[in-house]
Amino acid sequence: MVFRILRPDSETVWKNDIIRKRFARYRSIIDDKEIARYIVAKSIECDFDINDSIKNLENLLAEKSKEFNLLLNKSNEIIENRQIHNMNYVSLAENLANKYLENCIFCERQCKVNRIKGEKGFCLISNDSYVSSAFLHTGEEAPLIPSGTIFFQGCNFGCVFCQNYDISQSWKNTKKIEDIARKIDTIQLANLADRLVEKGAININYVGGDPIPNIHTIVGSLQHQTSNITQLWNSNFYLTEESLSLIIDFMDFWLPDFKYGNNNCAEKYSGITSYYDVVARNLKKIHNAGSGEIIIRHLIMPNHIECCSKPILDFVAKELPKAVMNLMQQFRPEYKASQYPEINRRPNLQEIQKVRKYADELGILYEPVS
Ligand code: SF4
């Protein structure tokens, strides 16, 4: 028997005072009372030489980030009356992203391939980005729906139980990327986002595969997007510090996965090193220096309560008190999971209850979105 807990609907969840408080800015953008961060960033003028060194551009990015965060504390009236500049904080980030692409360090795999020249690293995405689908998603967490969700092709992980393996894994051996996804440039992506807003999206949700290999296209599209809409990063969060710096000020809402409570399980099932250290570092950064409006998705895995679920909950309770958690029970042994007997089943009722009880004991807010 599959254990299911009914989630509150969108209307009910917004009546929850704690949710309203924790997601106050996001709610204000939906209500058109505040301006999305990327628009504020485009009002920060930024004069730079596109041929300058990476070091100098990084220093300038850090300066602009400080300026941005000071501006964000000013009144709405001041922010609303600012003009958008052609050369701005977003264009600086886009330029730097394209420089990183020559020696790709978008994620901590750090393949260092020249994607501008068509070389491919683990994710098998070169300079071009591909979208496999985009639609109004009504299956995301209640405060996020309807979500204008854009699925990018390519992933930097190799999870043996991947439920999206047609997008992230299987095409690598059997198909050409053009057969399963549409190539998209920055202007086309912006048009797509604007169309999703017209259809009723309350956020633009970048997912995949994973959006990380596509940072350059996503940041570039912000130059062309026009809607006052929440930008949402839905990712495994295995970014480098450099690539996180490119988006930290532009994203209004964060939807990270936090799968493993230690590095060993991540290496075994996703083929990546230092997972816990990297994701914990990045989550602290978005909590303390980014918008801090976060829903962390934790997929409860069979036989991984003590080694993964509990250490993650301990970390969230201690380091990320503003975050809300989605304790996900939909793990299914897909793709190659049958080769790993300990995860070759769904989590059982006792395991799910144990995780929820532990979260309760730690005072973690999860029920409205789980
Ligand atoms: S995004 Fe990550 S996996 Fe893809 S090429 Fe860059 S460093 Fe490698």
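Return yes or no: is residue 23 surrounded by 14 or more Cβ atoms within 10 Å (Cβ to Cβ), at pLDDT 95 or above, over 20 Å from residue 98 (Cβ atoms) and within 19 Å of the chain's Cα centre (by Cα)? For residue 23, the condition - surrounded by 14 or more Cβ atoms within 10 Å (Cβ to Cβ), at pLDDT 95 or above, over 20 Å from residue 98 (Cβ atoms) and within 19 Å of the chain's Cα centre (by Cα) - is met.
The set of residues in region 69-104 being under 12 Å from residue 39 (Cβ atoms) and of a type in the set (A, V, I, L, M, F, W, C) consists of 71, 72, 79, 84, 90.
Taking region 129-242 and the helices (runs of 4 or more DSSP H) fully enclosed by it, the elements with 2 or more residues that are within 16 Å of the ligand (Cβ to nearest atom) and closer than 28 Å to residue 299 by Cβ are at 165-168, 171-174, 215-222. Which condition from (1) of a type in the set (S, T, N, Q); (2) within 16 Å of the ligand (Cβ to nearest atom); (3) within 22 Å of residue 251 (Cβ to Cβ); (4) at pLDDT below 95 is the one that residue 126 breaks? Here residue 126 meets the rest and fails (3).
Residues in region 12-57 that are of a type in the set (Gly, Ala, Ser) and farther than 17 Å from residue 222 by Cβ: 24, 28, 53.
Within region 339-352, the residues that satisfy the criterion of being without any contact (Cβ under 8 Å) to a residue 60 or more places away in the chain and either farther than 23 Å from residue 269 by Cβ or of a type outside the set (Asp, Glu) (or both) are 341, 344, 345, 347, 350. Name every residue in region 201-224 that is closer than 11 Å to residue 189 by Cβ and surrounded by fewer than 24 Cβ atoms within 10 Å (Cβ to Cβ), in order of residue number. The answer is 220, 223, 224. The set of residues in region 169-221 that are small (Gly, Ala, Ser) and modelled with pLDDT under 95 comprises 170, 181, 208, 209. Exactly one residue among 88, 76, 114 is within 29 Å of residue 324 (Cβ to Cβ) and touching an Asp or Glu at 6+ places or on another chain (Cβ under 7 Å), and that residue is 76.
Within region 323-370, track down each residue that is basic (Lys, Arg) and closer than 16 Å to residue 312 by Cα. Please lay out each step first, then the result.
Residues of region 323-370 that are basic (Lys, Arg), as a first pass: 332, 336, 345-346, 354, 356-357.
The answer is 354, 356, 357.
The values are calculated or read from the model by the stated rules, or taken from the named source; none is laboratory data. All of these numbers come straight from a predicted model, not from anything done at the bench. We place every Cβ from the backbone using ideal geometry, glycine too, and count neighbours over all the protein chains shown.
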